1. Regarding Asn90, is this residue open to solvent by 60 Å² or more (accessible area, probe 1.4 Å), assigned to a helix (DSSP H, G or I) and modelled with pLDDT of 85 or more?
2. Within the range 1-33, can you find the residues that are within 22 Å of Phe61 (Cα to Cα), surrounded by 14 or more Cβ atoms within 10 Å (Cβ to Cβ) and without any contact (Cβ under 8 Å) to a residue 24 or more places away in the chain?
3. Glu25 versus (1) among the acidic types (Asp, Glu); (2) modelled with pLDDT of 85 or more; (3) farther than 25 Å from Lys8 by Cβ: which is the lone unmet condition?
4. Which of the numbered conditions does Lys68 fail, given that it passes all the others? Conditions: (1) at pLDDT below 85; (2) open to solvent by 80 Å² or more (accessible area, probe 1.4 Å); (3) over 12 Å from the mean Cα position of the chain (by Cα).
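The values are calculated or read from the model by the stated rules, or taken from the named source; none is laboratory data. Just so it is clear, the model here is predicted, and its values are computed rather than measured. Note that each Cβ is placed from the backbone with ideal geometry, even for glycine, and that neighbours are counted across all protein chains shown. These area figures cover heavy atoms from the full protein model, side chains too; ligands, DNA and RNA do not enter into them. Shrake-Rupley method; radii C 1.70, N 1.55, O 1.52, S 1.80 Å.
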Amino acid sequence: MNKFFLSKNYICKHFKKIMNCTIIEYQTSLRIEQAKKLCYYTNKPLNQIATSLGFKTEQYFISCFKRKYPLSTNVTIATPRIERENHYANACT
């Protein structure tokens with residue numbers, strides 16, 4: 001940042017003005033969206049997905065997720081996986 005003579009506060013202020021959220025809120029939102037994709041397309045456990053995306057604990061991930069999506073984490077994340085597994089199970093029978 002020093003190469004461009006911009007302070008951290010200046011960048012954070014203008015980021016929030018343009019994006020209507022802080023840099024941390026934006027980063028967390030991206031992580032939550034990536035977690036949804038990983039839950040949908042993989043069979044990884046939730047705690048493994050959370051830590052792979054930089055959340056320190058599964059509980060912290062769940063609290064961040066619930067702030068963005070007020071529904072139950074199990075319903076919101078697990079439903080597509082369950083539907084996919086049911087689809088494959090029905091296709092094989």
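1. Working: open to solvent by 60 Å² or more (accessible area, probe 1.4 Å): yes; assigned to a helix (DSSP H, G or I): yes; modelled with pLDDT of 85 or more: no.
Criteria not met by Asn90.
2. Scanning the range 1-33 gives Glu25, Tyr26.
3. With (1) among the acidic types (Asp, Glu); (2) modelled with pLDDT of 85 or more; (3) farther than 25 Å from Lys8 by Cβ applied to Glu25, the lone miss is (3).
4. Result: Lys68 fails condition (3) only.
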